[in-house]
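Right, one structure below, let's go through it.
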Amino acid sequence: MIFNSYDFLLFALVFFAVFFVLPKKLKLPFILFSSYFFYGWWNVKFLSLILISTVVDFFVSQKIEDSEDPKTKKIFLWISLAVNLGILGLFKYYDFFTESFADVLNLVGMNVEPVLLGLILPLGISFYTFQTIGYTLDVCKGKIKAERRFLNFAVFVSYFPQLVAGPIERAKNLLPQFDSAMKPTGQQFREGLWLIAWGFFLKVVIADNLASVVTDTYNSTRDTTGMVWMATLAFIIQIYGDFAGYSKIARGVSKFLGIDLIQNFQQPYLATSVSDLWRRWHMSLSVWANDYIFFPYVFKHKNRVVFGLLLTFVIIGVWHGANWTFFVFGLWHGSMIALEHVTLKKRRKLMKKVGNLPFKMGGWAFAMFVWIVGCIFFRSQNVSQGFSFLKEFLTFDFSGLSNANAQINFFWTIVFLLIIFIQNAICRYKKTEYMLSFKKGYHYLFLFTILGFIFLFGAQTEDFIYFQF
């Protein structure tokens, strides 16, 4: 079930109609039932994987907390990691690494036929796996207490608004909220309304209308000279509208339940460095990777910060998918952030010479260039296509935009890009993600205008890009 479908609309209407009349003691069981129904609507068989992760980490975390022996704690921690990463590896990476290993053997003259499983990738498996692993690691480090109520923990793992595409929640933020009355305040309701409306606008008006522009180029085998620029610009808008749109809808729906999910995007396309961009893009994944990969590695290997950055971003890259394009995507960003790290002192001296504003403008241009190059590989079907498209992009050849249809698509690409930048700039200036406070009448007029655009110009239903991860 996806947010931009009539199925979800009906689901949401029934869910909230029942939720608000239930007594508090029945609300959490109803959320759990609804979450399993929400996920099972796609494929009920894969509910078993969520249940396995839930049961294992529920009991393992308690064993970790109750044990006074560090070795015993580590044994139970490794049980959790083995089960969760084993399931993730089997369904998401087994075929990829098996086929890649066979290709290497064939290159050296060994005739090897890989044995592939051809398993369907469970929806959102990377998100809920990282979420429950983070919980177990926090218990092991003593940052949080193990949850002793199975119902609460099961809802934490399977909470439907953010189950299949995040944000990757932290137990210390989400679990305590299940003990609240779960009644939205007037402020939460207004914020939720705006998040849902703007999220749908980003998804169905912007992202989905650009989907065909991107697909026609990146899925084409014909000459794409002159079209790569437009398709790549369209993709950086599409992926932002698609993923930020989902995150905002998820957070908006949660606001209606009186629950605040963590923010996942904070005007990333106004970032003034690559490091700053990753502090603003998919923030829940960036923080997760810092807390559980980068900082633990650097703590043990203080002189290997650069390698720690590369390792962290390679893992972030392949987290997205089993393809060498994602490896390149992660390695590229890790390399550029490592470059920023080793040149930090020189860049500070440069900032004093040229001034703060020119320095930030140059940093923004560099961050956008790095992001665009990374997105070319992110969207390409293979590394070869990625390098081919990168070459086309760097030629600045616009000859392919000579026909009327291409010019119209390019016009709307620029319009949508400006809309995103303007919205990001307003939110940055106001120091809030909410453009509307609903304290003035024209705020409601603007909201209804947004809703009108959604119904009039919303494209045909498209899956969310991050569902595949």
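The values are calculated or read from the model by the stated rules, or taken from the named source; none is laboratory data. The shown structure was predicted, so the numbers you read here are calculated from the model rather than taken from an experiment. Backbone-built Cβ (ideal geometry, glycine too); neighbour counts: all protein chains shown. These accessible areas exclude ligands, DNA and RNA; they are computed on the full protein's heavy atoms, side chains included. Shrake-Rupley method; radii C 1.70, N 1.55, O 1.52, S 1.80 Å.
Condition check ((1) over 30 Å from Glu113 (Cβ atoms); (2) in a helix (DSSP H, G or I); (3) among the aromatic types (Phe, Trp, Tyr)) across all residues:
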| site | (1), (2), (3) |
| --- | --- |
| Phe38 | yes, yes, yes |
| Ser53 | yes, yes, no |
| Phe59 | yes, yes, yes |
| Ile87 | no, yes, no |
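Of all residues assigned to segment 387-402, at least one qualifies as being of a type in the set (Asp, Glu), touching a helix residue (DSSP H, G or I) at 6+ places or on another chain (Cβ under 7 Å) and part of a helix (DSSP H, G or I).
Scan segment 99-145 for residues that are of a type in the set (Asp, Glu), closer than 30 Å to Pro70 by Cα and assigned to a loop (DSSP other than H, G, I, E, B) and report the count. Show your work before the answer.
First, pick out the residues of segment 99-145 that are of a type in the set (Asp, Glu): 99, 103, 113, 138.
With the extra rule that they be closer than 30 Å to Pro70 by Cα, the set shrinks to 138.
Filter once more, so that each one left must be assigned to a loop (DSSP other than H, G, I, E, B): none.
Of the residues in segment 99-145, 0 are of a type in the set (Asp, Glu), closer than 30 Å to Pro70 by Cα and assigned to a loop (DSSP other than H, G, I, E, B).
Just for segment 271-304: of the residues that are among the charged types (D, E, K, R) and part of a helix (DSSP H, G or I), which one is most open to solvent (accessible area, probe 1.4 Å)? By that ranking, first place goes to Lys300.
Among the listed residues Ile79, Ile64, which satisfies the condition of being modelled with pLDDT of 95 or more, among the aliphatic types (A, V, I, L, M), surrounded by fewer than 19 Cβ atoms within 10 Å (Cβ to Cβ) and over 19 Å from Gly124 (Cα atoms)? Full working, then the answer.
Details: Ile64 fails: surrounded by fewer than 19 Cβ atoms within 10 Å (Cβ to Cβ).
Of the residues listed, the single one that is modelled with pLDDT of 95 or more, among the aliphatic types (A, V, I, L, M), surrounded by fewer than 19 Cβ atoms within 10 Å (Cβ to Cβ) and over 19 Å from Gly124 (Cα atoms) is Ile79.
For segment 5-19, indicate whether the set of residues that are aliphatic (A, V, I, L, M), closer than 30 Å to Lys203 by Cβ, open to solvent by less than 40 Å² (accessible area, probe 1.4 Å) and in a loop (DSSP other than H, G, I, E, B) is non-empty. Within segment 5-19, not a single residue is aliphatic (A, V, I, L, M), closer than 30 Å to Lys203 by Cβ, open to solvent by less than 40 Å² (accessible area, probe 1.4 Å) and in a loop (DSSP other than H, G, I, E, B).
Among the residues of segment 209-252, those identified as open to solvent by 10 Å² or more (accessible area, probe 1.4 Å) and under 17 Å from Ala165 (Cα atoms) are Gln238, Lys248, Arg251.
Among what's in segment 67-76 and is assigned to a helix (DSSP H, G or I) and of a type outside the set (A, V, I, L, M), pick the residue that is surrounded by the most Cβ atoms within 10 Å (Cβ to Cβ).
Residue satisfying both the conditions and the ranking: Phe76.
Sub-8 Å Cβ pairs linking a first residue in segment 285-304 that is under 16 Å from Pro167 (Cα atoms) to a second residue that is in a helix (DSSP H, G or I) and among the small types (Gly, Ala, Ser), at least 6 apart or interchain, are Trp288/Gly134; Asp291/Gly134, ordered by first then second residue.
Here segment 323-340 is the region considered, the condition is being in contact (Cβ under 8 Å) with a residue 40 or more places away in the chain and open to solvent by 40 Å² or more (accessible area, probe 1.4 Å), and the residue that is farthest from Asn382 (Cα to Cα) is Trp332.
Has segment 318-329 got any residue that is farther than 28 Å from Phe97 by Cβ and in a helix (DSSP H, G or I)? Walk me through it before giving the result.
Looking only at segment 318-329, we keep the residues that are farther than 28 Å from Phe97 by Cβ, and these are none.
No, segment 318-329 has no match at all.
So which residues in segment 134-157 are under 19 Å from Ser35 (Cβ atoms) and among the hydrophobic types (A, V, I, L, M, F, W, C), if there are any at all?
Step one: filter segment 134-157 for residues under 19 Å from Ser35 (Cβ atoms), giving 134-135, 147, 149-157.
The answer is Phe150, Leu151, Phe153, Ala154, Val155, Phe156, Val157.
Where residues in segment 181-217 are more than 17 Å from Phe16 (Cβ to Cβ) and hydroxyl-bearing (Ser, Thr, Tyr), which of them is farthest from the chain's Cα centre (by Cα)? If we take residues in segment 181-217 being more than 17 Å from Phe16 (Cβ to Cβ) and hydroxyl-bearing (Ser, Thr, Tyr), then Thr217 is farthest from the chain's Cα centre (by Cα). The one condition from (1) in contact (Cβ under 8 Å) with a residue 12 or more places away in the chain; (2) open to solvent by 70 Å² or more (accessible area, probe 1.4 Å); (3) under 27 Å from the mean Cα position of the chain (by Cα) that Pro176 does not meet is (1).
For segment 26-61, the candidate set comprises residues that are free of Cβ contacts under 8 Å to residues at least 12 places away in the same chain and of a type in the set (Val, Ile, Thr); within that set, the residue that is most open to solvent (accessible area, probe 1.4 Å) is Val44. Answer with yes or no whether Arg190 is under 24 Å from Ile125 (Cα atoms), open to solvent by 10 Å² or more (accessible area, probe 1.4 Å) and of a type in the set (Lys, Arg). Taking the combined requirement at face value, the residue does not satisfy it. Only residues that are touching a residue at least 40 places away in the same chain (Cβ under 8 Å) and either crowded, with 17+ Cβ neighbours inside 10 Å or closer than 22 Å to Ser275 by Cα (or both) were counted across segment 362-384, and they come to 16. Per the listing Phe178, Phe235, Phe156, the residue uniquely within 30 Å of Asp397 (Cα to Cα), assigned to a helix (DSSP H, G or I) and not charged (D, E, K, R) is Phe235. A single entry from Val213, Val205 fulfils the requirement of being in a helix (DSSP H, G or I) and either farther than 20 Å from Leu417 by Cα or modelled with pLDDT under 90 (or both): Val213.
I need the full set of residues from segment 453-462 which are part of a loop (DSSP other than H, G, I, E, B) and either open to solvent by less than 90 Å² (accessible area, probe 1.4 Å) or at pLDDT 75 or above (or both), in order please. Gly458, Ala459, Thr461, Glu462, listed by residue number.
How many residues are among the aliphatic types (A, V, I, L, M) and either closer than 17 Å to Gln177 by Cβ or over 27 Å from the mean Cα position of the chain (by Cα) (or both) when one looks only at segment 1-36?
Taking segment 1-36 and keeping what is among the aliphatic types (A, V, I, L, M), we get 1-2, 9-10, 12-14, 17-18, 21-22, 26, 28, 31-32.
Filter once more, keeping what is either closer than 17 Å to Gln177 by Cβ or over 27 Å from the mean Cα position of the chain (by Cα) (or both): 14, 17-18, 21-22, 26, 28, 31-32.
Residues meeting the conditions: 9.
Determine whether Ser126 is modelled with pLDDT under 95, open to solvent by less than 10 Å² (accessible area, probe 1.4 Å) and not charged (D, E, K, R). Criteria met by Ser126.
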